[in-house]
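The values are calculated or read from the model by the stated rules, or taken from the named source; none is laboratory data. This structure is a prediction, so every number in the text was calculated from the model and none was measured. Cβ atoms come from the backbone with ideal geometry, glycine included; neighbour counts cover every protein chain shown. Accessible surface areas use protein heavy atoms only, side chains included; no ligands, DNA or RNA. Shrake-Rupley method; radii C 1.70, N 1.55, O 1.52, S 1.80 Å.
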Amino acid sequence: METEHAQPPLDLDGPQMRELAARVIDRLVEHIVQAPTLPAGGAFDEGVSERCLALPREAPELGVPPGPLLDQLFDEWLPASFLTTGPGYLAYVPGGGLFTSAIGHFLGAALNRFTGVWAPAPFLVELEGRTIGWLREWMGFPEGATGLFTPGGSTSNLTAIVTARELHLGPDLRAGVLYASEDVHHCVHKSARLAGIAADRVRGIAVDERRRLRPEALRAAIAEDRDAGLRPFLVVSSAGTTNTGAIDPLEEIGAIARSEGLWHHVDGAYGAFFRLVPELRPALAGIEGADSLTLDPHKGLFLPYGTGALLVRDEAHLRAVHEVTAGYLPELPAPEHYDPSRIGPELSRPYRGLPLWLAVQLHGAAAFREAIADKRALALRAAERLRAMPGVTLLDEPQLSIVPFRASDPGWSEEEGDRRTRALLEEVNARGRVHLSGATVAGRFVGRICVLCFRTDAERLDEGIEDLEAARGAMGG
Ligand SMILES: *Cc1c(COP(=O)(O)O)cnc(C)c1O
């Protein structure tokens with residue numbers, strides 16, 4: 001059959017690989033360089049739903065040339081997406097996606113070495129272990145602690161819950177009870193269910209006026225469950241909730257967990273890397289004492305999506321639930337070597353450590369500390385501006401880098417405040433310089449500015465504040 005383009009063989013030759021890679025890199029760099037000028041929330045036109053449904057369903061029988069495919073990807077589909085790489089992205093929890101780290105993903109994939117176990121690529125696997133060691137040190141975990149890279153915070157939380165469950169409950173799951181604040185990330189509920197802990201065994205503990213878990217309510221809930229013959233086994237603290245950035249009292253919760261014989265897991269997917277900011281270390285005190293800690297380098301270290309991590313104080317507990325061997329696998333290495341298959345659920349997998357290892361090698365650790373301190377400083381700057389803004393109420397000083405607020409007026413009911421806050425966000429987002437998202441907190445709609453993209457600078461932040469002020473002014477009382 002005739003085709004207009006020479007079908008490449010599966011095994012590209014050198015010039016073919018270079019040509020394809022150069023083409024892709026050209027398009028990509030052009031896009032990334034112009035990202036600051038694009039609408040912060042993407043460009044979603046009316047027809048998105050129909051055009052999505054109209055996407056072709058059949059695989060092409062013959063190969064097609066890359067040019068038109070890249071054109072479609074970059075010109076048609078990509079614009080209708082939140083610009084999560086842009087400086088104006090202040091919604092949900094940003095990260096940005098360091099290019100150096102994206103190169104690490106590509107390098108790891110193109111090399112395609114087997115890094116699930118130690119023997120097939122000892123140096124590569126050991127490097128990943130060293131990278132986990134950096135995280136361990138940055139988080140103040142003791143030297144014997146270990147950890148693994150995961151696809152993200154959700155999987156890290158799941159692995160922690162399964163590990164705690166195995167240690168404390170063994171095969172009898174039904175009586176086991178898990179505790180977390182009412183503002184805990186929803187993936188903890190999902191993970192509990194995946195781990196065999198039914199919803200009626202997950203307690204949402206009350207929070208204080210700054211949305212932090214109340215230790216006395218935790219104590220009371222544990223006592224009540226024990227009286228009912230249940231088996232409390234795990235408390236999950238948040239080191240920065242996604243809603244408002246609230247930090248649970250980690251030290252106090254840790255002490256309760258110790259005295260009650262519970263596993264203490266800290267979900268630091270959003271906030272743990274703020275421990276690298278000296279001024280925030282006291283607020284995060286106790287993180288280093290947890291039994292396990294979820295980290296999300298694809299948030300707080302600005303990596304592209306796909307790099308989460310879990311630190312665990314005692315490797316034996318991870319091994320107890322994950323170490324299995326088989327006759328077709330290479331022999332396990334000596335225990336002092338790093339071997340992710342022995343402590344985590346995956347076998348074949350991407351070279352998960354390389355994107356972080358490469359980025360830290362190229363930029364240096366100091367660059368990450370400085371950038372995260374800068375995001376904290378920008379959040380404080382935003383809070384200061386909002387405090388002075390008429391018709392807007394700052395709900396709390398930022399505990400980390402999320403600034404929660406509402407549109408307000410003495411004449412409005414709470415419901416009117418919800419409606420107006422939503423409208424305010426929509427209006428700011430329509431201006432396209434920044435993109436914000438809200439959250440329902442204790443039944444009320446809350447606007448939030450979350451500063452965590454490495455590209456966000458004071459100039460862009462001030463533009464966002466300007467837009468907020470103008471939109472609120474236009475709204476009236
Ligand atoms: C983002 C987030 C998660 C989930 O992490 P993913 O990487 O999206 O899977 C869990 N907990 C908190 C607090 C988060 O902010």
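Note on LEU332 and PHE99: the extension gain reaches 80.4 nm, defined as 0.36 nm multiplied by sequence separation minus the Cα-Cα distance. Taken over the alpha carbons of the range 103-365 as equal point scatterers, the Debye sum produces base-10 log I(q)/I(0) values at 0.13 Å⁻¹ of -0.80.
Surface composition of the chain: carbon and sulfur make up 56 percent of the accessible area, probe 1.4 Å. Between the range 10-54 and the range 141-163, how far is it from one alpha carbon centroid to the other, in angstrom? Spelled out, the Cα-based centre of one part sits 33 Å from the other.
The simple spin-label model puts a point 7 Å past each Cα toward its Cβ; for VAL64 and VAL29 those points are separated by 2.7 nm. How big is the Rg/Rh ratio for the chain, C-alpha atoms only, Rh by Kirkwood, two decimals? Using Cα coordinates only, the ratio equals 0.99. Both radii were evaluated on the Cα set of the range 366-475; the Rg over Rh quotient, with Rh as the Kirkwood radius, amounts to 0.97. A DSSP coil position with no more than 12 other Cβ atoms inside 10 Å describes the following GluC sites (Glu not before Pro) in the range 100-193: GLU143.
Under the criterion of Cα pairs below 8 Å and six or more residues apart, the relative contact order for the chain equals 21 percent. With the cut-off at 1.5 for a/c, could you classify the range 44-144 from its C-alpha gyration tensor as rounded, prolate or oblate? Oblate, because a/c is 1.5 or more while a/b does not exceed b/c.
Taking 0.36 nm per residue of sequence separation and removing the Cα-Cα distance, the ARG281/ALA228 pair yields an extension gain of 15.2 nm. For the range 277-301 versus the range 67-125, the spacing of their alpha-carbon centroids is 25 Å. Using the Cβ-Cβ distance between THR393 and ALA373 with R0 set to 25 Å, the FRET efficiency from 1/(1 + (r/R0)^6) comes to roughly 0.35. Per residue, the accessible area of the range 202-301 comes to 33 Å² when a 1.4 Å probe rolls over the protein heavy atoms.
Per residue, the accessible area of the range 366-475 comes to 41 Å² when a 1.4 Å probe rolls over the protein heavy atoms. Set the Förster radius R0 to 35 Å, insert the Cβ-Cβ distance between ARG193 and ARG258 as r into 1/(1 + (r/R0)^6), and round the FRET efficiency to 0.05. Rounded to the nearest 0.05, the efficiency is 0.85. Summing +1 for each Lys or Arg and -1 for each Asp or Glu among the other residues whose beta-carbon sits under 10 angstrom from that of ASP225 gives +2. Modelled spin-label separation between MET17 and ASP45, with each label point placed 7 Å from Cα along the Cα-to-Cβ direction: 4.0 nm. Measuring r between the beta carbons of ASP172 and ARG130 and using R0 = 35 Å, the FRET efficiency lands at 0.35.
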